[in-house]
Structure formats: C-alpha cells, structure tokens
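Structure record follows, encoded as structure tokens.
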Amino acid sequence: MDYNSSISVAGPERSANYLIDSHCHIHNTKDFDSTPEEIIARANQNGIKQMIVIGTSHEDSLAAKNFAETHDNIFWSYGIHPSEAGDWASEIADLPISGSVAIGEVGLDYHYQPYDRAAQIRLFEEMLALAQKHNLPLIFHIREAFDDFFPIVDNQHIKNAVVHSFSDSQINLEKALDRGYYIGVNGLATFANIPLPPVERMLLETDAPYLTPKPFRGKINESAYIKHIAEYLAFKLNIPLEKITEETTKNVQVLFQLPQPILRPA
Ligand SMILES: [Zn+2]
C-alpha cells in the first residue's frame, strides 16, 4: 500500500523543529483554569507553535473564529458536531466560514443513545458539501459509525481529511488510510490500546480540555501536552522524536495549508 500517493508536494521546504496542536478547544475559556495567554505561553515553551481551535456548533465556531482572530498562530475550523444534528437548521449558504482552515469537527456519533441517525447523516452530508464548495479539508469525528461513514465519503469523493481521535479497529484504520486520510492521534494513545497510523499519515492533537495523556490523567488537558504525546509515540514506535515532530508538523501544514508560525522573542 502506498500511503504517500495522495500527499501534495506543496508545503514547507525546510523541516520543522516545532509541534502543532491540530485539534483543541482552548477557545472555550470556561473549561480551563488558566487564561488563554497562559495556555498559549506554556504551549510555546514546550515547542508547540501553532494550534487549531475546533468549532462544535454554530455559536462555538464563532467563538473559535474570534479566538483565532485575536491570538497569533491560532487557526480555527467551522464545524457542527453530530450531537448537534437535531438542533441544526441553518442554510449553509449563509455560514460565516471565511478564514476557516477546515470544516469540522463534523461526522457521525452513534455512541450515546438515543441518537437520530437520519438527522446526523443529513447534517454530515451538508457539511461535506460545504467543504467541497469552498475547497476546504475536513476534520471528521466518527464514533461507532464507520459502516455509515465510508459509503457517504466515497459517494462525495472526499479526499482531503483527517479522522480525528481515531479509536476504532485496525480494519477501519486501513480503510481510512486507503482513502488518503490523515489520522489524528492524541492522549488516548498513551492509555488505551488503539491502532496507530504510520507517522507519514499522523497528525498530533490534544482535543483539550478532553483526553489528557498519561501521566497527567485527572488534570485539564492543554496544548503543551502535545510534547508528551510526541515523546510517548517516539518511545512506543521506536522512531526518533525529531522525525515524529518533522512529519506530523508537515502533515498539518500540508492538509490545512498553514503559513509558517510567527515567532517572537520570549
Ligand atoms: Zn474535539
């Protein structure tokens, strides 16, 4: 299997020596006991130079947009999480997605009963169409729903995407890789036995404030912990930390077309 076949040649020429948190919710300041400035400073001190804040509803996406527009090196994504499917009734033509680096997190989640499968699929298909219309990559949240997910994305010929927080089977991991998708790896990998993608297809994420990695379980997750996730993966996969850093940062920048970070003296 050639995992590299669909990766574009565009992107940064020099290899990066910093990490990126490709999926976090640090714009929800009420979920943290530090200020955004403290969270960003700790991330920077630990070598994390860019972060993408992810919307989960229309209102939350606007908060993510505002957060990105008022902080250096923060990008944002417009998304409506499948758990919001029942309440969602907007016209997609009017959505304020200018400046968004992706559409997500969007997807299907059949974990919590009861769920409205038809409403989730309808919202998901609208979000796929929105991404296609604006030529944006997708950030997928898929939980216990891969049997519905694959036919839908195949039908719409979705190419540029990450399956965030993947925690399903090896077979479904391979199906996602076969479609050219990146796989988002977070703190789950440090405490749960989940299949891991090759580093050439891996994005690092925290999903902060959720999914705090070992050995910080019980604390509020934050972007600085990307460093510990990277170190854990280097150990577990027996790959040099520099290669994990270089590959995962390049992958984020290629998928989301991020510029180089603005670096200011500390
Ligand atoms: Zn998330």
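The values are calculated or read from the model by the stated rules, or taken from the named source; none is laboratory data. All of these numbers come straight from a predicted model, not from anything done at the bench. Reconstructed Cβ throughout: ideal geometry from the backbone, glycine too, with neighbour counts over all protein chains shown. Side chains included, ligands, DNA and RNA excluded: accessible areas come from the protein's heavy atoms. Shrake-Rupley method; radii C 1.70, N 1.55, O 1.52, S 1.80 Å.
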Practice problem: Considering (1) open to solvent by 10 Å² or more (accessible area, probe 1.4 Å); (2) within 16 Å of the ligand (Cβ to nearest atom); (3) in contact with a Phe, Trp or Tyr (Cβ under 9 Å, 6 or more places away or on another chain), say which one residue 51 fails and leave the rest. | Solution: (1)
Quiz prompt | Counted residues, region 195-249 - those being away from the ligand (no atom under 16 Å from the Cβ) and open to solvent by 10 Å² or more (accessible area, probe 1.4 Å) | solution = 27
Quiz item: residue 126 passes all but one of (1) surrounded by fewer than 23 Cβ atoms within 10 Å (Cβ to Cβ); (2) under 16 Å from residue 195 (Cβ atoms); which number fails?
Solution: (2)
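Starting from residues that are polar (S, T, N, Q) and either touching a residue at least 40 places away in the same chain (Cβ under 8 Å) or within 16 Å of the ligand (Cβ to nearest atom) (or both), keep the ones in region 158-173 and report whichever is most open to solvent (accessible area, probe 1.4 Å).
Within region 158-173, the match that is most open to solvent (accessible area, probe 1.4 Å) is 160.
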Quiz prompt | Selected residue (only one of 193, 221 is among the polar types (S, T, N, Q), closer than 23 Å to residue 243 by Cα, assigned to a loop (DSSP other than H, G, I, E, B) and over 14 Å from the mean Cα position of the chain (by Cα)) | solution = 193
Quiz item: Limited to region 98-120, what total is found for residues that are open to solvent by less than 60 Å² (accessible area, probe 1.4 Å) and over 20 Å from the mean Cα position of the chain (by Cα)?
Solution: 1
Practice problem: Could you list all residues from region 133-148 that are within 18 Å of the chain's Cα centre (by Cα) and within 17 Å of residue 102 (Cβ to Cβ)? | Solution: 135, 136, 137, 138, 139, 140, 141, 142
Exercise. Specify the residue that is modelled with the highest pLDDT; the eligible residues are those in region 48-61 that are assigned to a helix (DSSP H, G or I) and more than 15 Å from the chain's Cα centre (by Cα).
Key: 60
Self-check item: Selection from region 26-48 of residues that are touching a strand residue (DSSP E or B) at 6+ places or on another chain (Cβ under 7 Å) and either open to solvent by 10 Å² or more (accessible area, probe 1.4 Å) or among the acidic types (Asp, Glu) (or both)
Solution: 27, 47
Practice problem: Give region 14-47 a look and list any residue that's of a type in the set (A, V, I, L, M) and within 15 Å of the chain's Cα centre (by Cα), or say none. | Solution: 19, 20, 26
Practice problem: Could you check, for region 68-81, whether at least one of its residues is closer than 21 Å to residue 176 by Cα, hydrophobic (A, V, I, L, M, F, W, C) and touching a residue at least 60 places away in the same chain (Cβ under 8 Å)? | Solution: no
Quiz item: For region 145-157, what are the residues that are open to solvent by less than 10 Å² (accessible area, probe 1.4 Å) and outside any helix (DSSP H, G or I)?
Solution: 145
